[in-house]
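> Structure provided below as structure tokens; questions to follow.
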Amino acid sequence: MKTKVLKFGLPLAVCMLAMAFAFATESNNASNEDAALIGFVYNDAETQCVTANKNCAIFGGIPCQQLDGKNVYRFTNPSGTMCSVSLYEWPEE
């Protein structure tokens, strides 16, 4: 009887503990998606992407633009000659 309980009960208990710990350690990454980003704009004079002076969001409907009308992008390549992935206007609350 004792071995029957150990053979069935022990794996069941381990499985239940594993599920409990999996839910207990789940992190909430939604706050990272809400963070304002400083993006890049393409500077024609320097033929490079430079840091934009405006905070933008990852998601939205209206493309993020500086006051001079240049679109703001999230990434630049290592050499800085190309900007990619458009950012969007920070939502008003």
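> For the chain, what Kirkwood radius comes out of the mean inverse Cα-Cα distance, in Å?
Answer for the chain: a Kirkwood hydrodynamic radius of 16.8 Å.
> On to the next question. Under 17 Å Cα-Cα from K54, which lysines qualify once same-chain neighbours fewer than 8 residues away are excluded?
Of all the lysines, those that pass the test against K54 - Cα under 17 Å, at least 8 places apart if same chain - are K70.
> Got a sec to turn the phi values of the stretch 72-82 into Karplus ³J(HN,Hα) couplings, 6.51 cos²θ - 1.76 cosθ + 1.60 with θ = phi - 60°, whole Hz, x for Gly and Pro?
9, 10, 7, 10, 10, 6, x, 7, x, 9, 9
> Separate question: Mind ordering 9-17, 77-85, 53-61 by average Cβ neighbours within 10 Å, highest first?
53-61, 77-85, 9-17
> Explain nothing, just the number: dipole magnitude of the chain about its Cα centre with +1 on each Lys and Arg Cβ and -1 on each Asp and Glu Cβ, in debye rounded to the nearest 20.
The dipole magnitude comes to about 980 debye.
> Here's something else I'd like to know. Relative to the longest principal Cα axis of the chain, at what angle does helix 2-24 sit, 0 to 90 degrees, rounded to 10?
That helix lies at roughly 20 degrees to the long axis.
> Turning to a different aspect of this structure: Can you tell me the order of 70-76, 19-25, 40-46 when each peptide is scored by its average per-residue count of other Cβ atoms within 10 angstrom, highest first?
Ranked from most to least packed, the peptides come out as 70-76, 40-46, 19-25.
> Looking at V85, F40, G9, which one has the Cα that reaches farthest to the positive end of the dipole of the chain (charges on Cβ: Lys, Arg +1; Asp, Glu -1)?
Of the options given, the answer is G9.
No lab work stands behind these numbers, since they all come straight from the coordinates. This one's a predicted model, so the numbers in the text were calculated from it and none came from an experiment. In this analysis, Cβ positions are derived from the backbone assuming ideal geometry, glycine residues included, and neighbour counts consider all displayed protein chains.
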